[in-house]
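> One structure coming up, written as structure tokens, with questions to follow.
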Amino acid sequence: MSRIRILSSRLANQIAAGEVVERPASVVKEVLENSLDAGATRVDIEVEAGGGKLIRVRDDGAGMEAGDLPLALARHATSKIASLEDLERVASLGFRGEALASIGSVSRLTLCSNASQHSSRGSSAACEGRDMAVVVKPAPHPRGTTVEVRDLFFNTPARRKFLRTEKTEFSHLEEVVKRLALSRFDVAFSLRHNGRAVHNLKAATSQAERGRRVAAVCGPAFMEQALFIEADTPALHLSGWVGLPAFSRSQADLQYFFVNGRVIRDKLIAHAVKQAYRDVLYHGRHPAFVLFLQLDPAQVDVNVHPAKHEVRFRDGRSVHNFIYSSVHRALADVRPADQLSPDQVALADGQAVDTRTGEIRRQGGLGWGSPASAAVSGRAGGGYVAHGTPAAGRAMEQVASYARLHGEPAGGLSEEADAADVPPLGYALAQLKGIYVLAENARGLVLVDMHAAHERITYERLKCARDSEGIRSQPLLVPQSVAVSQREVQVAQDHAALFRRLGLAVEAAGEESLVIREIPVSLRDCDLEQLLRDVLADLIEYGSTERIEAHLDEILSTMACHGSVRANRRLTLPEMNALLRDMEATERSGQCNHGRPTWTQLPLEDLDKLFLRGR
Ligand code: ADP
Ligand code: MG
């Protein structure tokens, strides 16, 4: 070992840059955050060769005085905090005072800035010298700042080696711009790559404009299939868009979460949202969302990560619960009536905005005012309908009353049916191949996967019953014995209490035999032997009592699958209509228990297109 010596400031900065400046995208993040902190209303970004060759960011923010330029480039120099108290409730995106110094140590950096509204005399500063010596010269510039970063990592070849192709680097960089563009609707952003315009986002002030920006950033398909949600407690405010389960993704690549305007990736939050989607997402799929959480800055520590990707909440548990319950509620309340036409975007309180005209109107049907948010924010619950166990009897009554009014439906809508009276999923026409129900509603043809839909209804009923009066069971006229393994007999005995809670009375009838005496009422037509085997398989898989408790919903889902109409069962029209009415009244009825869709709409226009009608 040689003697100890103090590092040169450039080397110290280069070491710090290791944490903050990983690739062109990280430069763009730091520089854009500075523009936003400076109060910019418009930010223009120009990039060459994926950002490796050039990144130029121009803003119309507060700018800097000539004398401040060398400080901006020095390490541990910031205008944003002055004390530890400031740090504890920091509201700006930056505060560490090392981004520009780090970037300047691994690139050719030029700053050009002007803090005056009244003159265009600005100044420029460049740092290329060995020890970060900065030369300041007068330079024309309107109020605001331009930061130019050329030849990133030109002097740190080891770093440069880690850069990927131009295309990959640009996609990372674009992702950063997208995130920041979502975090600040009020700021205009433009992005050009190799002279080509990639994004041009105008400042968005109205809800419709914000919707358009989300569509521009996340793709129009997301906006077409997203719900706007809003929920409050006295300490927390959540708003944003959550994708309908049908819009799930194969990767977790459309998930944006902002805490007080800062983009973060947080395990706690990811978990809360994932939980909220658990019941409705097809296995292995990821939800899409753009969510904004607002809370007192003192309640969250942002100084946990050098690039500030992570945060720490003082009261993580209540943040988790709040996010989980708000998103969960919103998804549970989605009803066939809420499935919007492609040009509409759902807003809170059952309103919809037309993404083409920006017009906002109230939506009919069972609006989805979230009771949680209504209760805490004092907003009226909109068209919220209390959801209990949707009694099949009620649905049958509706069918009967329809039949009385219109004569027993021959299927579908009668000629004179008033569109306003037609329920969202319409009236059944026929059954196809014993699998699909065909129905006619106001918009055209509805196709329902009978088994998937019924499975969800049974599942929601079982959950609902378990959480309220308990699952009702009925004794079998002839108890059924099932041959099983010794281990399974043991498992059944160990979990006798659980079986009772599930509405099943099961007893050992020998070393390798169980007998089923009672089953849940809603499962009376199922294959009992298979039902028992599958529940036992679940219990064995989950193992410990704790894990079983945590997976009770999955066990109910297994049971529901058995209690549901099987393909190839012929249904009568009234039975099909009862199923449609039950779907309208059931939470999460748009997806089966495994997250597959249960129904789809084929609008008349699409059918007309199919037949080249009206061309
Ligand atoms: P931090 O953002 O943590 O303060 P930076 O190294 O990113 O540290 O920037 C240092 C300082 O330079 C900032 O505190 C700010 O005063 C100034 N600055 C940087 N970029 C801009 C900008 N675009 N407009 C105005 N001031 C800026
Ligand atoms: Mg900064």
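The values are calculated or read from the model by the stated rules, or taken from the named source; none is laboratory data. Here the structure is a predicted model, which means the values were calculated and not measured. Cβ: placed from backbone, ideal geometry, glycine included. Neighbour counts: every protein chain shown.
> Answer yes if at least one residue in region 39-50 is over 22 Å from LEU173 (Cα atoms), surrounded by fewer than 18 Cβ atoms within 10 Å (Cβ to Cβ) and away from ligand 1 (no atom under 13 Å from the Cβ), and no otherwise. If you could, list the steps in order and put the result at the bottom.
Taking region 39-50 first, the residues over 22 Å from LEU173 (Cα atoms) are none.
The answer is no, given that none of the residues of region 39-50 is over 22 Å from LEU173 (Cα atoms), surrounded by fewer than 18 Cβ atoms within 10 Å (Cβ to Cβ) and away from ligand 1 (no atom under 13 Å from the Cβ).
> In addition: When you look at VAL31, is it under 37 Å from the mean Cα position of the chain (by Cα), buried (at least 22 other Cβ atoms within 10 Å of the Cβ) and within 8 Å of ligand 1 (Cβ to nearest atom), yes or no?
On the way: under 37 Å from the mean Cα position of the chain (by Cα): yes; buried (at least 22 other Cβ atoms within 10 Å of the Cβ): yes; within 8 Å of ligand 1 (Cβ to nearest atom): yes.
So VAL31 passes the test.
> Could you please give the count of residues in region 539-576 that are in a loop (DSSP other than H, G, I, E, B) and among the β-branched types (Val, Ile, Thr)?
Going through region 539-576, the residues in a loop (DSSP other than H, G, I, E, B) turn out to be 543-544, 551, 563-572.
From the residues that got through so far, the ones that are among the β-branched types (Val, Ile, Thr) too are 565, 572.
Count: 2.
> Name the residues in region 164-184 that are buried (at least 18 other Cβ atoms within 10 Å of the Cβ) and over 15 Å from ARG56 (Cα atoms), would you?
The initial filter retains those residues of region 164-184 that are buried (at least 18 other Cβ atoms within 10 Å of the Cβ), namely 166, 169-170, 172-174, 176-184.
Residues satisfying the conditions are GLU166, GLU169, HIS172, LYS178, ARG179, LEU180, ALA181, LEU182, SER183, ARG184.
> Name the pairs whose Cβ atoms lie under 9 Å apart, with the first residue in region 1-30 and touching a residue at least 60 places away in the same chain (Cβ under 8 Å), the second among the aromatic types (Phe, Trp, Tyr) and assigned to a helix (DSSP H, G or I), and 6 or more positions between them or separate chains?
Sorted first by the residue in region 1-30, then by its partner, the pairs are PRO24/PHE170; ALA25/PHE170.
> Taking the stated definitions as given, is SER473 surrounded by fewer than 13 Cβ atoms within 10 Å (Cβ to Cβ) and more than 31 Å from the chain's Cα centre (by Cα)?
Values: surrounded by fewer than 13 Cβ atoms within 10 Å (Cβ to Cβ): no; more than 31 Å from the chain's Cα centre (by Cα): yes.
Judged against the criteria, SER473 is not a match.
> Every residue in region 175-199 that is within 21 Å of LEU291 (Cβ to Cβ) and of a type outside the set (Phe, Trp, Tyr), please.
Our first condition is that a residue be within 21 Å of LEU291 (Cβ to Cβ); within region 175-199, this holds for 175-187, 189.
Once the filter is applied, which keeps residues that are within 21 Å of LEU291 (Cβ to Cβ) and of a type outside the set (Phe, Trp, Tyr), region 175-199 yields GLU175, VAL176, VAL177, LYS178, ARG179, LEU180, ALA181, LEU182, SER183, ARG184, ASP186, VAL187.
> More than 34 Å from the chain's Cα centre (by Cα), part of a helix (DSSP H, G or I) and of a type in the set (Lys, Arg) - does that describe any residue in region 596-615?
no
> Still on this structure, I have one more. For VAL535, all conditions in the list (1) part of a strand (DSSP E or B); (2) among the hydrophobic types (A, V, I, L, M, F, W, C); (3) touching a residue at least 24 places away in the same chain (Cβ under 8 Å) hold save one; what is the number of the exception?
That leaves (1) as the condition not met.
> Right, another one. Could you list, in sequence order, all residues of region 577-594 that are of a type outside the set (Ser, Thr, Tyr) and in a loop (DSSP other than H, G, I, E, B)? Quick ask: steps written out before the conclusion?
Of the residues in region 577-594, the ones of a type outside the set (Ser, Thr, Tyr) are 577-585, 587-588, 590-594.
Passing the criteria: GLU587, ARG588, GLY590, CYS592, ASN593, HIS594.
Residue by residue, here is whether (1) within 11 Å of ligand 2 (Cβ to nearest atom); (2) touching an Asp or Glu at 6+ places or on another chain (Cβ under 7 Å); (3) acidic (Asp, Glu) holds:
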residue	(1), (2), (3)
MET1	no, no, no
ALA16	no, yes, no
GLU19	no, no, yes
GLY50	no, yes, no
ASP59	no, no, yes
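> Tell me yes or no: at least one residue of region 279-286 is in the same structural domain as ASP253 (by TED's automatic domain parsing) and either in a helix (DSSP H, G or I) or under 26 Å from PRO234 (Cα atoms) (or both).
There is no residue in region 279-286 that is in the same structural domain as ASP253 (by TED's automatic domain parsing) and either in a helix (DSSP H, G or I) or under 26 Å from PRO234 (Cα atoms) (or both).
> Moving to a separate point now. I'm checking my understanding of the structure. Among residues of region 84-130 that are of a type in the set (Val, Ile, Thr) and within 11 Å of ligand 1 (Cβ to nearest atom), which one is surrounded by the most Cβ atoms within 10 Å (Cβ to Cβ)? Lay out the reasoning, then the answer.
First pass over region 84-130, keeping only residues of a type in the set (Val, Ile, Thr): 90, 103, 106, 110.
From what's left, within 11 Å of ligand 1 (Cβ to nearest atom): 90, 103.
On the way: VAL90: 21, ILE103: 24.
Out of the qualifying residues, it is ILE103.
> What helices (runs of 4 or more DSSP H) lie completely within region 413-526 and have 1 or more residues being closer than 30 Å to PRO603 by Cβ?
Details: elements: 450-467, 486-494, 496-501.
Ranges flagged: 450-467.
> Can you tell me how many residues within region 106-135 are more than 14 Å from ligand 2 (Cβ to nearest atom), modelled with pLDDT of 90 or more and out of contact with any Gly (no Cβ under 8 Å at 6 or more places or on another chain)?
13
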